[in-house]
Amino acid sequence: MTRTRRLRFSILNLLLAMAIVALGVSLYLSQQKLQRANLELRELRSLAGHLTIDDPTKVQVIAVPMAEKHRYRFHIYLPAAHNYELFTYKGKLTAERLPERSRAVTKGRLLQSRGQDERSLLLDVVLQPNLDDSGYVFRISEDGWQHNGIYFDAGKPTWAGGGAKMMGEAVYCRGHQMIVDADKPAKLLLLDGQLAGGENVDDAVLIWIGPEAKSVEEAAANLGDRW
């Protein structure tokens, strides 16, 4: 092979190598842009209350934005082959913001049973006046099915303007997707307040979902173990 042909061959190899490197860099940059776009899309979907299921074996929850005050909606995914319940509590909370009296916990209907496939549902919680104007009630519905409400017979709840100095509202999955193990509870909503003298209100509300419990004491204990 002459020197000229060797030089021409070397230049062709160099050009080919440069083309391969350029193609690799281009593919890498395109992949990075696509990943960033997917992350931004996921964040936007989360802000709108949409779930993205990456691990179908875990419980996943996100709050759906609602314009009306004291109206909440939760988009919930429950994996298959587990029993899940809805739990509510009205009363005083401990310093850890857990039920002070476990006997005041209320067990709702099953959201999911072991014989069912995985399911996605919408849980609505809204504070409304009682039909007979005797007080207020937190109405809870799951895809249209009514659960036991939380009743306030003496009028508006303290934390909703009925005498509390300040209101503490915690929507535990607002703007982001909450993911928990299938055997753990997941807090959805907490509403609390403080009286003028510094004492916490005695009609705080806590709503969560979790594995089926044999008793309200067990449900409260499971919540304490997780949180």
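The values are calculated or read from the model by the stated rules, or taken from the named source; none is laboratory data. As the structure is a computational prediction, the values presented were derived from the model and not from experiment. Using ideal geometry, Cβ is built from the backbone for each residue, glycine included, and neighbour counts are taken over all protein chains shown. Accessible surface is based on the protein model in full, side chains and every heavy atom, while ligands, DNA and RNA are left aside. Shrake-Rupley method; radii C 1.70, N 1.55, O 1.52, S 1.80 Å.
Note on E218 and D183: their simple-model spin labels are 1.4 nm apart, each label 7 Å out from Cα toward Cβ. Summing Lys and Arg as +1 and Asp and Glu as -1 over all other residues whose Cβ lies under 10 Å from the Cβ of A213 gives a net charge of -2. Taking amide H positions as modeled 1.01 Å from N, with prolines and chain starts lacking one, the residues under 5 Å from R119 and 5 or more places away or on another chain are L78. Here the accessible area of the chain is 53 percent carbon and sulfur, with a 1.4 angstrom probe and all protein chains present.
Here the simple spin-label model places points 7 Å from the Cα toward Cβ, and for N13 and A80 these points are separated by 5.7 nm.
Computed from Cα atoms, the angle from the helix 216-226 axis to the main principal axis of the chain rounds to 40 degrees.
Applied to region 73-89, the Karplus parametrisation 6.51 cos²θ - 1.76 cosθ + 1.60 on θ = phi - 60° returns per-residue 3J(HN,Hα) values of 9, 10, 8, 10, 10, 10, x, 6, 6, 9, 9, 10, 10, 9, 10, 9, 8 Hz, with x for Gly and Pro. Considering only the other residues whose Cβ falls under 11 Å of the Cβ of K92, what net charge follows from Lys and Arg at +1 and Asp and Glu at -1? Every neighbour counted, the sum reads -2. Under a Gaussian network description of the chain, with springs only between Cα atoms under 10 Å, the residue in I53, I207, I20 that fluctuates furthest is I20.
Along its first, second and third principal axes, ordered by size, region 177-227 spans 41, 29, 14 Å in Cα coordinates. In this structure, the amide hydrogen of R174, modeled 1.01 Å from its nitrogen in the peptide plane, lies closer than 5 angstrom to those of A63, counting only residues at least 5 positions away or on a different chain. Here the gap between L23 and A67, fully extended at 0.36 nm per residue and compared with their Cα-Cα distance, gives a gain of 11.0 nm. Computed on protein heavy atoms with a 1.4 Å probe, the accessible areas place W145, W159 in the order W145, W159, largest first. Annotation: amide H-H contacts under 5 Å for V59 (H modelled 1.01 Å from N, sequence separation of 5 or more, or interchain): V180, A182. Once the C-beta distance of R139 and V171 is scaled by a Förster radius of 22 Å, the resulting FRET efficiency is 0.80 to the nearest 0.05. Angle of helix 3-47 to the longest C-alpha principal axis of the chain, folded into 0 to 90 degrees and rounded to 10: 10°. Taking label positions 7 Å along the Cα-Cβ direction at both S113 and R36, the computed distance is 5.1 nm, reported to one decimal. A simple rule links phi to the HN-Hα coupling: the Karplus curve 6.51 cos²θ - 1.76 cosθ + 1.60 with θ = phi - 60°, which for region 141-150 gives 9, 10, 6, x, 7, 7, 9, 4, x, 10 Hz, with x for Gly and Pro. Note on H50 and A154: with the Förster distance fixed at 41 Å, the Cβ-Cβ geometry gives a FRET efficiency of about 0.60.
Note on the chain: the C-alpha convex hull projects to 19.7 nm² when averaged across all orientations. Take each peptide in 213-223, 73-83, 109-119, count the other Cβ atoms within 10 Å of every residue, and average; sorted highest first, the result is 73-83, 213-223, 109-119. Across the chain, C-alpha contacts under 8 Å between residues 6 or more apart give a mean separation that, scaled by the residue count, equals a relative contact order of 20 percent.
Accessible surface area normalised per residue over region 115-204 is 50 Å², counting heavy atoms of protein chains with a 1.4 Å rolling probe.
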